[in-house]
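In what follows, a single structure is set out as structure tokens and then discussed.
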Amino acid sequence: MGKEPDGEWEGVRVSYAAGNDLAAVGGNNLAAAAGNNLAVVVEQTRFLRQELVSELARAGWQVVGAAGDGRRGLEMALTHRPGLVVLDLALPDMPGTELIRRIKAEVPWCRVVVCSALVQSRWVQAAVEAGADDFVVKPLDEGRFRAAVGGAVGPVPAERAQRGG
């Protein structure tokens with residue numbers, strides 16, 4: 001696949017990196033951006049990735065990255081240290097539960113919301129045990145999704161501000 005063109009998608013400015021991963025959305029792409037309104041999306045299906053990015057932007061999040069695989073998603077989460085990561089459990093290169101564990105180990109304040117069609121109780125339980133904060137079933141219900149991600153928006157806790165994240 002070729003590189004996606006930079007431009008706008010539903011009124012949100014987007015910039016694509018190699019491999020169709022979304023590198024930046026909206027304002028600047030500073031890793032040290034203040035606030036806990038930074039978000040990363042990890043979803044292998046491009047259309048769904050774009051839908052999640054758009055929904056997060058409408059809910060007031062600054063999406064600083066969106067990836068199609070777990071490796072790139074982890075890299076973005078470690079680089080940007082966001083307040084929110086939205087991810088699918090079915091990723092091409094690693095289980096979503098492994099990605100949750102690795103994010104929570106390195107960015108413990110990060111809220112992780114799983115958005116997945118894998119809704120059998122064993123998958124939901126595995127996600128929660130790995131550290132997921134919420135679980136939204138696909139296909140995406142906008143109201144339920146906004147309720148899941150809306151709880152993470154707010155001022156930066158003092159201990160996060162002091163450590164620069």
List the residues, sorted by chain then number, that are 5 or more residues from PHE135 or on another chain and whose placed amide H is less than 5 Å from its amide H. VAL114
Arranged from highest to lowest average of other beta-carbon atoms within 10 Å per residue, in what order do the peptides 36-42, 78-84 appear? 36-42, 78-84
Around VAL113, what is the net charge, scoring Lys/Arg as +1 and Asp/Glu as -1 over all other residues with Cβ under 15 Å from its Cβ? -2
Expected unfolding gain across ARG101-SER121 under the 0.36 nm per residue rule, minus the alpha-carbon gap, is 5.3 nm
Using per-residue counts of other Cβ atoms within 10 Å, averaged over each peptide, order 114-121, 61-68 from highest down. 61-68, 114-121
On a full-extension model of 0.36 nm per residue, what is the gain between VAL128 and ARG144, subtracting their alpha-carbon distance, rounded to one decimal in nm? 4.0 nm
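We did not get these values from a lab; they are worked out from the coordinates using the rules stated. What you see is a predicted model, and the numbers here were worked out from it, not measured in a lab. Positions of Cβ are backbone-derived with ideal geometry, glycine not excepted, and every protein chain shown enters the neighbour counts.
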